[in-house]
Amino acid sequence: MVPGRHASGPGQSTGPRQAWEALLNTPRSLIMGVINVTPDSFSDGGRFFDHQDALAQVRALAAGGADLLDIGGESTRPYADSVPLEEELRRVLPLIEAITQETSLPISIDTYKAPVARAALAAGASLINDISALRFDKDMAPLAAENQVPVVLMHMQGTPRDMQLKPHYGDLIGEIKVFFQERLQFAISQGIPRELLILDPGIGFGKTFQHNLEILNNLDAFLDLGCPLMIGPSRKAFIGHLLNLPNGEVRDVGTLAAVAIAVQRGARIIRTHNAAYTRQFLTVWEAILGGGG
């Protein structure tokens with residue numbers, strides 16, 4: 001079991017499961033801030049490859065209102081090549097170790113490789129964000145069960161190298177739901193409690209422009225699966241397509257429209273590159289909804 005490293009309050013220390021349950025008890029929507037320690041991620045590749053630049057971004061995300069931080073050392077953009085294990089470890093571990101010295105925010109490791117997840121948990125991470133939904137590495141599910149940490153199960157058609165070649169579905173929402181049901185059953189059979197499982201329909205992962213819109217508009221179809229929903233529309237290509245905008249921060253305003261519909265349809269966690277904009281938006285949104293009754 002990985003020792004708890006995150007404080008739930010002054011002088012209090014808790015394990016990963018207890019910290020996650022406490023976070024979920026927060027009534028507002030949760031923000032997961034993204035830090036890609038890569039040279040080639042679709043939005044911020046190269047910007048935070050340097051350790052000090054990455055740490056500065058961590059501070060900006062924390063100051064902007066992030067509830068947890070998602071650290072990734074391998075780009076999963078369309079057509080991306082995989083990164084050797086040792087290189088991925090070299091990218092993420094120093095940052096995770098540094099973050100634990102600066103903030104008590106929970107840290108998520110964005111990886112589908114069990115050795116990376118294991119090392120990240122030992123370094124201070126307390127959540128696994130697996131784009132393969134525990135499919136690509138047979139050791140990932142036992143690792144998560146052993147450590148009793150939350151796991152994001154994401155839907156993806158294909159792999160990052162081929163997912164955007166010809167995405168096709170007969171029944172998009174129905175097929176994603178069946179996928180989630182199967183992955184949930186598998187995860188639970190491996191000893192991961194349902195209370196620690198999070199579902200992400202995978203905006204942009206084996207999806208066309210129209211598929212992404214359909215997912216956002218029908219997120220509530222997954223609510224009866226009984227797990228928190230996470231969504232990551234931040235700066236994605238469908239926003240750039242709609243607005244005719246290049247990549248990067250210029251897509252942040254359009255992202256907030258996607259966040260609005262996602263929260264309205266039941267998203268619990270918003271994965272974003274811009275925590276400050278997202279927190280400001282959600283603060284006003286939730287105040288209006290809470291005060292209008």
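The values are calculated or read from the model by the stated rules, or taken from the named source; none is laboratory data. These numbers were taken from a predicted model, which means no experiment stands behind them. Don't worry about glycine lacking a Cβ; one is built from the backbone with ideal geometry, like all the others, and counts go over all protein chains shown.
Brief remarks follow.
- Exactly one residue out of 243, 256 is surrounded by 15 or more Cβ atoms within 10 Å (Cβ to Cβ) and among the hydrophobic types (A, V, I, L, M, F, W, C): that is 256.
- Restricted to segment 169-185, and to residues there that are over 15 Å from residue 144 (Cα atoms) and of a type in the set (A, V, I, L, M, F, W, C), the residue that is surrounded by the fewest Cβ atoms within 10 Å (Cβ to Cβ) is 178.
- Among the residues making up segment 206-226, those that are outside any helix (DSSP H, G or I) and surrounded by 21 or more Cβ atoms within 10 Å (Cβ to Cβ) are 206, 207.
- Of residues in segment 13-57 being at pLDDT 85 or above and small (Gly, Ala, Ser), the one nearest to residue 88 (Cα to Cα): 54
- Residue that is surrounded by the most Cβ atoms within 10 Å (Cβ to Cβ) [pool: residues in segment 111-148 that are closer than 17 Å to residue 183 by Cβ and of a type in the set (Asp, Glu)]: 130
- Residues in segment 149-168 that are modelled with pLDDT of 95 or more and either surrounded by fewer than 19 Cβ atoms within 10 Å (Cβ to Cβ) or β-branched (Val, Ile, Thr) (or both): 149, 151, 152.
- Looking only at segment 236-272, residues that are outside any helix (DSSP H, G or I), modelled with pLDDT of 95 or more, under 22 Å from residue 108 (Cα atoms) and of a type outside the set (S, T, N, Q) come to 6 in all.
- Unique match (being of a type in the set (Val, Ile, Thr), within 22 Å of residue 129 (Cβ to Cβ) and surrounded by fewer than 18 Cβ atoms within 10 Å (Cβ to Cβ)) among 188, 203: 188
- Residue, nearest to the chain's Cα centre (by Cα), within segment 125-164, restricted to residues that are under 20 Å from residue 95 (Cβ atoms) and among the β-branched types (Val, Ile, Thr): 152
- Selection from segment 270-285 of residues that are surrounded by 24 or more Cβ atoms within 10 Å (Cβ to Cβ) and among the β-branched types (Val, Ile, Thr): 270, 272, 278
- The residues of segment 60-96 that are loosely packed, with under 15 Cβ neighbours inside 10 Å and among the charged types (D, E, K, R), listed by number, are 81, 86, 87, 90.
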